Amino acid sequence: MKQELLNKYSIPVPRYTSYPPANFFNESFTADSYKEAIIQSNEQNPQHISIYIHIPFCYHMCYYCGCNSQLLKDKNVVKEYIETLKKEIRMVLPLLDHSRKISQIHYGGGTPTSQPVSVLKEINRIILSEFECIENPEIAIECHPGYLDENYWNDLIDAGFNRISIGIQDFNEGVLKASARKPSRMAIEDIVHILRSKGVSVNMDFIYGLPLQTPESFAETIRKAISLKPDRIVTFSYAHVPWVNELQKNLEKIGLPSVSTKNEIYETAKKLLIDAGYKTIGLDHFVLANDELYEALQTKSLHRNFQGYCTRRTTGQVYAFGNTGISQLSTAYSQNAKDLSTYISSVNEGKYPITKGYILNKEEQITREVIASLMCNYTVSWSDIATRMNMSEKEVKNALNYNKEQLFDFQKDGIIEFSEDHITVLPEAAPFVRNVAASLDKLMVNNEKRYSKSV
């Protein structure tokens, strides 16, 4: 990738894991707004139910993390949090139409595996006793392998989890030490064997752009991952946002890779994965050729919600539980209180612990469809969007910051192929898809909010 393009396009833009981004949420969205949005969601699409469970506790704080997490210190607080979490679930589930089916349950954090498996199993039981599931639902959990023994991995499977994401980040222990990340307690090979023997799908998560990483060192990490042949490999771009997490300033002291080096790290890893038969999904996922995500990409029907990339089969409106949890409904977002004591006291008073949210107007719903298509499938067809939204192509474009001059500039730089009917991001320019999406976003015009860089 040419250095001048990296210089030009490596600028702060939203990650677009949601639209609008979470920093547009506002406090005018209340607990009453949330309850009304949930009731309305029963009549909206997608009809499937996707559940997110937030466990904020961690044994140790990794320097790179931008998640809402805190140290696992007071066991009484942890116990109270878990009981409150279950109360919140029981407050919301009666509002949902019980003829709807669950397609996903996802545990994130923090470190969900900081909790005994018995706790996770009980939460699953509460949810799954109320609703039927689609065929082959995804019951997934993010795991920190630094603290887990063989019994824990086996117990996770018995608790009903059928997809496990192993947060490796890097196999290089020097990189892990610089990032305050504990390496795996067990050999990753042994963990994979346990999971595979029980038919569990295996994800491996890595981060590139950390101190001490080089294209050569990260290539060794990826080669080891390939040798274990997980179903999915995720290479997250490190987002340097020290205004969100001050611990990230520790990484500045060691030194972060330059933009060009970070890009070379990614491109080297990507080539290794593609040569090994993995298929590229979105910005950072690589999957085996028989994965349903790749099948969806081939038909331009790949989708994503807050749980990550998914198919139209597995996607659902997301109902989130726990502090900072973000629910993603058809026409609204809502976010729970971040402060632990506020979250606990609200729920114990019988109140939905909402602190902010967002109701999407029609233009924003259109923009969300366009940006989701770009971010997932690297292309957007105006006729397809118009058909899906039951409107004209002109109405679709009018909802956007549709600027032909800017699009021609992207085309001149080799970022996109552009015509009156479609925009397609070229394969070699995939890291800049966020830039293209942001150019179409009316909310980004004169926007002074802060974001991580695209590369």
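Since every read-out is calculated from the coordinates, none of them should be taken as a lab result. On a predicted model such as this, the values are computed, not experimentally measured, just so you know. Quick reminder, even Gly has a Cβ in these numbers, built from the backbone with ideal geometry, and neighbours come from all protein chains shown.
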Problem - Nearest-20 debye value, the chain charge dipole, Cβ charges on Lys, Arg, Asp, Glu - result: 500 debye
Exercise for the section: Could you order peptides 378-388, 2-12 by the average number of other Cβ atoms within 10 Å of their residues, highest first? Expected result: 378-388, 2-12
Fill in the blank from the handout: Phi-derived 3J(HN,Hα) across region 243-248 with the Karplus relation (6.51, -1.76, 1.60, θ = phi - 60°), rounded Hz, x for Gly and Pro, is 6, 8, 10, 5, 4, 5
Handout entry: Computed magnitude of the charge dipole of region 362-444 (debye, nearest 20; Cβ of K, R +1, Cβ of D, E -1)
Key = 220 debye
Exercise for the section: Using only the alpha carbons of region 328-455, determine the length spanned along each of the three principal axes and report them from longest to shortest in whole angstroms. Expected result: 57, 35, 26
Exercise for the section: Convert each backbone phi in region 96-108 into a coupling constant with the Karplus relation 6.51 cos²θ - 1.76 cosθ + 1.60 (shift: θ = phi - 60°), then list the ³J(HN,Hα) values in order as whole Hz, x for Gly and Pro. Expected result: 8, 5, 6, 7, 6, 10, 7, 10, 8, 10, 9, 9, x
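Which net charge results for the neighbourhood of G146, defined as the other residues with beta-carbon distances under 10 angstrom from its beta-carbon, given Lys and Arg at +1 and Asp and Glu at -1?
On the way: positive: R181, K182, R185; negative: none.
Around G146, the surrounding residues sum to +3.
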Completion exercise
Share of Cα-Cα pairs in region 182-282 beyond 19 Å, whole percent, is 50 percent
Exercise for the section: Can you find, among I226, H303, Y59, the residue farthest towards the positive end of the dipole of region 21-321? Put +1 on the C-beta of Lys and Arg, -1 on that of Asp and Glu. Expected result: I226
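If packing is taken as the average count of other Cβ atoms within 10 Å, what order do 93-100, 272-279 fall into, highest mean first?
Details: 93-100: 13.8, 272-279: 16.2.
Peptide ranking by packing, descending: 272-279, 93-100.
For Cα pairs less than 8 Å apart in space and 6+ apart in sequence, what is the mean separation divided by the residue count of region 233-293, i.e. the relative contact order in percent? Present the calculation step by step, with values, prior to reporting the outcome.
On the way: 33 pairs, mean separation 21.9, N = 61.
Result for region 233-293 is 36 percent.
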Problem - Unit charges on C-beta of K, R, D, E only; dipole of region 294-453, Debye - result: 500 debye
Completion exercise
Result: in region 362-444 the number of Lys pairs with C-alpha under 16 Å apart, spaced 8 or more or on different chains, is 8
Practice task
Please tell me the relative contact order of the chain in percent, rounded to the nearest whole number, where contacts are Cα pairs under 8 Å and at least six residues apart.
Solution key: 21 percent
Problem - Local electrostatic count, T379, Cβ distance below 12 Å [Lys/Arg +1, Asp/Glu -1] - result: -2
Problem - Positive-end residue of S103, Q335, A399, charge dipole of the chain with Cβ unit charges - result: Q335
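Just in region 203-246: which chymotrypsin sites (Phe, Trp or Tyr not before Pro) are loop by DSSP and have at most 10 other Cβ atoms within 10 Å?
Values: sites: F206, Y208, F218, F236, Y238, W243; in loops: Y238, W243.
Passing sites in region 203-246 are W243.
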Problem - Helical mean residue ellipticity (222 nm; -39500 (n - 2.57) per DSSP H run of 4+; nearest 500) of the chain - result: -11000 deg cm²/dmol
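Sort H303, H60 by Cβ crowding within 10 Å, fewest neighbours at the top. Numbers along the way, then the final one.
Working: H303 18, H60 13.
Result, fewest neighbours first: H60, H303.
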Practice task
Measure out, as a whole number of angstrom, how far apart the alpha-carbon centroids of region 2-76 and region 98-162 sit.
Solution key: 20 Å
Practice task
Provide, for q = 0.10, 0.12 Å⁻¹, the log10 of I(q)/I(0) from a solvent-free Debye sum over equal Cα point scatterers in the chain.
Solution key: -0.73, -1.11
Handout entry: By average C-beta atoms within 10 angstrom, highest first, the peptides 21-27, 256-262, 434-440
Key = 434-440, 256-262, 21-27
Practice task
Starting from the Cα-Cα distance between E246 and E83, subtract it from 0.36 nm times their residue separation and give me the gain in nm to one decimal.
Solution key: 55.7 nm
Completion exercise
Here, trypsin sites (Lys or Arg not before Pro) of region 148-187 satisfying both criteria (DSSP loop; at most 16 other Cβ within 10 Å) are R185
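Quick one: net charge around Q40, please, counting Lys, Arg +1 and Asp, Glu -1 for every other residue with C-beta under 13 Å from its C-beta. Mind dumping the intermediate values first?
On the way: positive: K35; negative: D32, E36, E43, D97.
My count for the surroundings of Q40 gives -3.
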